[in-house]
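Peer 1: I'd like to ask you about the structure that follows.
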Amino acid sequence: MIPHQNKILRSLIIAGLIALITCAVMLILLSTNGFKDGVFSKKATAEEDFSLPSRLQKTPDYGQFYVDNMIFIGDQTIAPIRSSAILRNGADTKQIWTGEKGSLSLDYSLSTSTIVYPESAQSITLAEAISLKRPDHVVITLGFENGVAYCTEEKFKEYYGSIISVIKESSPDTKIILQSIFPVSDKKQKDDSGITNEKIDRANLWIEELANDNSVRYLHTASVLKDSKGNLNSDYDSGNGVTLNEAGYRKMLEYIRTHGYK
């Protein structure tokens, strides 16, 4: 082989090696971080850059009036805000809608469940309450009870989606906001293996997808309630590792006001 051919061959071999090394490095980076086009999107969590158009973003403070005209529907994680007396009319607020036992369970009967209607203190269906009140905004906080520990993605979305349908049918002008499930403390995770923050993060992705699919909004309040390890910040823990204390609910309301509905 003549000298100039040897030189060309060496150049080709070097170029090929560089290309192989480059490809290997790119594959390592992609497998670590996930493809941005969604191939690895299921590996993303609600704490990463992954988000859908339904997620409410940072806005100027919408003020107390914005919160005062909201109805909060949910389970045991939202009901205790009444005793914190930080909503309109304090401990006598009529903004919290829950079942007779202070909760709503994520199951097949959710769409037909009754709530204690604060205006009359009577138990009526959610559809009836929404039709009567026709609120400006509804914030739904569901999924902790039964959902996180027991539901498959299919059932979780089916049950949760039923309450969205009820509200839309009963009051088409009401703006619906799905709030993330709150994190739990590290101790709660260790005491109850069925409920972990990893499972909560996964369920919050489902809630965000539900919001997107139903053209409503998603509020990722969980992001400001966590500590550096992803557990419920002890400053916001009421003591049971699940429900928030007054500081936690104030943080929640601050997040709601600064992530206004657009």
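Peer 1: Looking only at the stretch 116-158, count how many residues are among the aliphatic types (A, V, I, L, M) and farther than 22 Å from Lys168 by Cβ.
Peer 2: Within the stretch 116-158, residues that are among the aliphatic types (A, V, I, L, M) and farther than 22 Å from Lys168 by Cβ number 4.
Peer 1: To continue, here is another question. More than 12 Å from the chain's Cα centre (by Cα), crowded, with 16+ Cβ neighbours inside 10 Å and farther than 18 Å from Phe72 by Cβ - does that describe any residue in the stretch 237-249?
Peer 2: Yes, the stretch 237-249 contains a residue that is more than 12 Å from the chain's Cα centre (by Cα), crowded, with 16+ Cβ neighbours inside 10 Å and farther than 18 Å from Phe72 by Cβ.
Peer 1: Separate question: For Lys155, are the conditions met, namely being farther than 26 Å from Val67 by Cβ and in contact with a helix residue (DSSP H, G or I) (Cβ under 6 Å, 6 or more places away or on another chain)?
Peer 2: no
Peer 1: Among all residue pairs at least 6 apart or on different chains, which show Cβ distances below 7 Å where the first residue, located in the stretch 236-262, is part of a helix (DSSP H, G or I) and the second is of a type outside the set (A, V, I, L, M) and at pLDDT below 95?
Peer 2: Glu246/Ser84; Tyr249/Ser84
Peer 1: While we're looking at this one, here's another question. If you check Leu20, Leu12, Leu30, Leu52, which single one turns out to be modelled with pLDDT of 55 or more, surrounded by 11 or more Cβ atoms within 10 Å (Cβ to Cβ) and either in a loop (DSSP other than H, G, I, E, B) or among the hydrophobic types (A, V, I, L, M, F, W, C) (or both)?
Peer 2: Leu52
Peer 1: Could you check the stretch 124-145 and list, in sequence order, the residues that are among the polar types (S, T, N, Q) and in contact (Cβ under 8 Å) with a residue 24 or more places away in the chain?
Peer 2: Ser131, Thr141, listed by residue number.
Peer 1: Could you tell me how many of the residues in the stretch 135-152 are hydroxyl-bearing (Ser, Thr, Tyr) and within 16 Å of the chain's Cα centre (by Cα)?
Peer 2: 1
Peer 1: Return yes when Phe182 is in contact with a strand residue (DSSP E or B) (Cβ under 8 Å, 6 or more places away or on another chain) and either buried (at least 20 other Cβ atoms within 10 Å of the Cβ) or within 27 Å of Lys229 (Cβ to Cβ) (or both) and no when it is not.
Peer 2: yes
The values are calculated or read from the model by the stated rules, or taken from the named source; none is laboratory data. A quick note: this is a predicted structure, and the numbers were derived from the prediction, not measured. We place every Cβ from the backbone using ideal geometry, glycine too, and count neighbours over all the protein chains shown.
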